[in-house]
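Q: Here it is, the structure, as structure tokens.
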């Protein structure tokens, strides 16, 4: 992370999201405030950088694929809203694309609060196709839901 990233909340969040591919919790630790509060919808709050690093180390240890993709991002002062697709895959299993809305609050150039609003039952829409003449064809069945972050961080089996 550099000074420019710390001065620009939008750039900070984009850089933070990019480090998830490496599956190394220590890499993203430099982006979060020592007093960070993380809340994943439906799970207990995680307080402090060290606790967050431990939680994500568990997630990274359980998943073969962890990739976050930002679809849209909006910045208002020190608050960043990011519509994301979380691509998560257990070893040997399919990668589950899960829609997510993340809210990041920035303080002192670092992420001080991070809230994820995720519903694993909601899948991203297929890419838009150009309009053509003729009958409309529906999309095939959606992929099965993937495990929740809470389950992955605690080493539990995925939701059936």
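Q: For residue 11, work out the one condition from (1) in contact with a strand residue (DSSP E or B) (Cβ under 9 Å, 6 or more places away or on another chain); (2) at pLDDT 95 or above it doesn't fulfil.
A: The one condition residue 11 does not meet is (1).
Q: May I pose another question? Just checking, how many residues over segment 28-44 are more than 17 Å from residue 86 (Cβ to Cβ) and modelled with pLDDT under 95?
A: Going through segment 28-44 one residue at a time, the tally reaches 3.
Q: Against the definition (surrounded by 15 or more Cβ atoms within 10 Å (Cβ to Cβ), in contact with a helix residue (DSSP H, G or I) (Cβ under 6 Å, 6 or more places away or on another chain), farther than 19 Å from residue 19 by Cα and without any contact (Cβ under 8 Å) to a residue 24 or more places away in the chain), how does residue 75 come out, yes or no?
A: no
Q: With the requirement that a residue be part of a loop (DSSP other than H, G, I, E, B), in contact (Cβ under 8 Å) with a residue 40 or more places away in the chain and at negative phi, what does segment 17-35 give you?
A: 31, the sole residue that qualifies.
Q: Follow-up. Filter segment 80-110 for residues that are in a strand (DSSP E or B), over 18 Å from residue 41 (Cα atoms) and at pLDDT 95 or above and give the result.
A: Listed by number, the residues that qualify are 106, 107, 110.
Q: Go over the candidates 54, 14 one by one and state the one that is in a helix (DSSP H, G or I), over 14 Å from residue 105 (Cβ atoms) and over 15 Å from the mean Cα position of the chain (by Cα).
A: 54
Q: Here is a follow-up. Determine, yes or no, whether residue 47 is over 23 Å from residue 7 (Cβ atoms) and modelled with pLDDT under 95.
A: Taking the combined requirement at face value, the residue does not satisfy it.
Q: Okay, next question. State all residues of segment 78-96 that are more than 22 Å from residue 25 (Cβ to Cβ), touching a residue at least 40 places away in the same chain (Cβ under 8 Å) and touching a strand residue (DSSP E or B) at 6+ places or on another chain (Cβ under 9 Å); if no residue qualifies, say none.
A: Result: 78, 79.
Q: Looking at residue 65 and the list (1) over 13 Å from the mean Cα position of the chain (by Cα); (2) closer than 29 Å to residue 8 by Cβ; (3) modelled with pLDDT of 90 or more, which single condition is not satisfied?
A: The number of the failed condition is (1).
The values are calculated or read from the model by the stated rules, or taken from the named source; none is laboratory data. This is a predicted model, so every value here is computed, not measured. Because the Cβ atoms are built from the backbone with ideal geometry, glycine has one as well, and the counts that use them run over all protein chains shown.
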